[in-house]
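A.B. asks: Okay, here's the structure, questions in a sec.
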Amino acid sequence: MRVLAAMSGGVDSAVAAARAVEAGHDVVGVHLALSRMPGTLRTGSRGCCTIEDSMDARRAANLLGIPFYVWDFSDRFKADVVDDFIDEYAAGRTPNPCMRCNEKIKFAALLDKAIALGFDAVATGHYATLTDGPEGRQLHRASAWAKDQSYVLGVLTAEQLAHCYFPLGDTPSKELIRAEAADRGLQVAQKPDSHDICFIPDGDTRGWLSDHLERESGEIVDEAGAVIGTHDGANGYTVGQRKGLQLGRPAADGKPRYVLSIRPVSNQVVVGPKDRLAIASMAGGRYSWAGDPGIDVGEAFDCDVQIRAHADPVPARARLAPVRDEDRTEQHRDGAGHEVVVDVDLARTEPLLGVAPGQTAVLYRGTRVLGQFTIDRAMPAPVAA
């Protein structure tokens, strides 16, 4: 195949490119410049897309003997990932920028350009596996559960999966990847993994948002509507948050309070006890299938649902249901023009905690990724008497 290897400057993507070369493919390396003002150096494991990262990617490509390019996707990244992140927080939701980046940049803008240039596939250093069978290509978890990244790939469609190549999916551990990189002479063998949000390298999401959103002080209330504190901007909070509330009135039982919901219209933050974070069901739109699951609109099906990259999957029963009038948006239209919403009832003895609108729910059947949707609402579980 003609393979375009997306090289971030880290060890995973470097080894993925090396394996693609070793497999006999015609490989070209590309580094995505996503920041309009990239920093010169990383700070440990924080941040990415720096000048240092592009230099590390170029050195790896030179060692592998493959052509290397830097593509500027900074305008697209700002519009589709950074601005979306800001807009979602302004609406009282909790977005996942890594999902949007995979959906809009790495496997949309990059893949579209790669195909237009005659490449057969885009290779990345993600830990996930692909299988081909009578029903088409399927996306599955990686063999190493601790490194599995199938959750953040849940936004990929069948058309995109047909042009994906994940050389690391069957590797049992990251330690083996680092050892392989060292054996190949790659200088990034011991480079720290990047984490947190790449465009907020210091990890201070609330501080970053304060520079990008107008903040207006408002009330912190309990579920009965009683005012128990004030905040300096509702968009600086997220469901499940415990720290930083600075409440002047302790709870009657002395237990800590958590953010239960954000009300952007009234600029209120609602707090309550931890057990009120538990949900029994959720629903949302903006859904997509990772290949054909053989599920019709209105059909109920058993699955597992995962709401964070490293969360445990939860048994559930889901179905595609008609959209209620109050939920109707263009995001609920599927490829056939149906207006649908994904309804999920959780089947577990201990309810799921801290589910926020804006998060991505990925549906699994065993190790297979069925698809994903963006959570619009979560319904509380009954409170034990």
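The values are calculated or read from the model by the stated rules, or taken from the named source; none is laboratory data. Since we're looking at a predicted model, the values are computed, not measured. We place every Cβ from the backbone using ideal geometry, glycine too, and count neighbours over all the protein chains shown. Accessible surface is based on the protein model in full, side chains and every heavy atom, while ligands, DNA and RNA are left aside. Shrake-Rupley method; radii C 1.70, N 1.55, O 1.52, S 1.80 Å.
A.B. asks: Out of all the residues in the stretch 206-230, which are open to solvent by less than 70 Å² (accessible area, probe 1.4 Å), more than 30 Å from A79 (Cα to Cα) and in a loop (DSSP other than H, G, I, E, B)?
C.D. replies: Listed by number, the residues that qualify are D222, G225, A226.
A.B. asks: To continue, here is another question. List the strands (runs of 3 or more DSSP E) inside the stretch 94-163, counting only whole elements, that have at least 3 residues being open to solvent by 10 Å² or more (accessible area, probe 1.4 Å).
C.D. replies: 128-133, 136-141
A.B. asks: Looking at G10, G39, G47, can you tell me which residue is surrounded by 19 or more Cβ atoms within 10 Å (Cβ to Cβ) and modelled with pLDDT under 90?
C.D. replies: Just a single option satisfies the conditions, and that option is G47.
A.B. asks: Can you work out which of the residues in the stretch 271-296 that are among the small types (G, A, S) and in a loop (DSSP other than H, G, I, E, B) is modelled with the highest pLDDT?
C.D. replies: It comes out as A290.
A.B. asks: In contact with a helix residue (DSSP H, G or I) (Cβ under 6 Å, 6 or more places away or on another chain) and among the hydrophobic types (A, V, I, L, M, F, W, C): which single residue out of V155, V227 fits that description?
C.D. replies: That would be V155, the only listed residue that is in contact with a helix residue (DSSP H, G or I) (Cβ under 6 Å, 6 or more places away or on another chain) and among the hydrophobic types (A, V, I, L, M, F, W, C).
A.B. asks: Those residues that are aliphatic (A, V, I, L, M), more than 28 Å from L320 (Cβ to Cβ) and open to solvent by 40 Å² or more (accessible area, probe 1.4 Å), I need them from the stretch 248-307; list them, please.
C.D. replies: Listed by number, the residues that qualify are A252, V265.
A.B. asks: Does V271 meet the test of being of a type outside the set (G, A, S), out of contact with any helix residue (DSSP H, G or I) (no Cβ under 7 Å at 6 or more places or on another chain) and in contact (Cβ under 8 Å) with a residue 60 or more places away in the chain?
C.D. replies: No: the conditions fail for V271.
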